[in-house]
1. Which residue out of SER130, SER63, SER82, SER91 is of a type in the set (S, T, N, Q) and closer than 19 Å to ARG154 by Cβ?
2. Quick one: ARG77 ticks every box in (1) in contact (Cβ under 8 Å) with a residue 24 or more places away in the chain; (2) within 14 Å of the chain's Cα centre (by Cα) except a single one, so which number is it?
3. Can you go through LEU69, LEU64, LEU84, LEU147 and tell me which one is within 14 Å of the chain's Cα centre (by Cα) and surrounded by 16 or more Cβ atoms within 10 Å (Cβ to Cβ)?
4. Pairs under 7 Å by beta carbon, first residue closer than 23 Å to SER66 by Cβ in region 89-106, partner of a type outside the set (Phe, Trp, Tyr) and surrounded by fewer than 15 Cβ atoms within 10 Å (Cβ to Cβ), six or more apart or different chains?
5. Within region 27-74, can you find the residues that are part of a helix (DSSP H, G or I), in contact (Cβ under 8 Å) with a residue 40 or more places away in the chain and over 20 Å from SER91 (Cα atoms)?
6. Do we find that THR9 is over 23 Å from VAL151 (Cβ atoms) and either loosely packed, with under 14 Cβ neighbours inside 10 Å or of a type outside the set (D, E, K, R) (or both) in this structure?
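Each reported figure results from applying straightforward, stated rules to the coordinates on display, with no laboratory input. As the structure is a computational prediction, the values presented were derived from the model and not from experiment. FYI the Cβ positions are ideal-geometry reconstructions off the backbone, even for glycines, and counts take in every protein chain you see.
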Amino acid sequence: RLQMDQLPTPEAVQEALLRQKEREERETRVFSSKVDREEAAHCRCECCPPRNSLEDNDYCCSSLFSLALLKKGVLFRDGLISKLQPIGAHSCISRDPHFVNYILTDLAARSSAETFSMMTGTPINDLNRSLRYGAYRTIISSTIGHLGKGVRIRLPACVIAAVRAKWPSNNYTGF
């Protein structure tokens, strides 16, 4: 056990960071562990960034409709089905009118960002960052509903790319 006046060893810090990363990957997972990550990441919607720029667990939106999902993935897919025009009407969910006209708008993202700021008491210091997170919250709340505090789900690479193109930053962090 550490005393309050002791700093952890570099090894202990590395181990804690590794455990945190593993927990985050497990908690945000969308696909069954039997699904190959490369298969999920293979872009069929023509809107994903190049594979070499993606993170390990990034995936194409098309994979939601063709691969084995975990509970959160099923909730997300079913929520998308209920909101989007007939599946297949657009090659990518980021081109669907629900996404373009409702989620990827300054008004919707700003409303979400300001509501979050008001509820948490945290000011909006970086407007584009707040708008990106507002758009991410809006797509989840409009398709799944409230996930709960600290509960997250990984979004498709094409969705993240569309949001980042709309409200860019010089450096991105995971979400």
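1. Working: SER130 fails: closer than 19 Å to ARG154 by Cβ; SER82 fails: closer than 19 Å to ARG154 by Cβ; SER91 fails: closer than 19 Å to ARG154 by Cβ.
Only one candidate qualifies: SER63.
2. Among (1) in contact (Cβ under 8 Å) with a residue 24 or more places away in the chain; (2) within 14 Å of the chain's Cα centre (by Cα), ARG77 violates only (1).
3. Values: LEU69 fails: within 14 Å of the chain's Cα centre (by Cα); LEU84 fails: within 14 Å of the chain's Cα centre (by Cα); LEU147 fails: surrounded by 16 or more Cβ atoms within 10 Å (Cβ to Cβ).
Exactly one residue qualifies, and that residue is LEU64.
4. From residues that are closer than 23 Å to SER66 by Cβ, the pairs are SER91/GLU46; CYS92/GLU46; ASP96/GLN85; PRO97/GLN85.
5. Of region 27-74, the ones part of a helix (DSSP H, G or I) are 27-28, 37-41, 51-53, 61-65, 71-74.
Those still in the list that are in contact (Cβ under 8 Å) with a residue 40 or more places away in the chain too: 27-28, 41, 61, 63-64, 72-73.
Passing the criteria: GLU27, THR28, LYS72.
6. Working: over 23 Å from VAL151 (Cβ atoms): yes; either loosely packed, with under 14 Cβ neighbours inside 10 Å or of a type outside the set (D, E, K, R) (or both): yes.
Here the answer is yes, as THR9 does meet what is asked.
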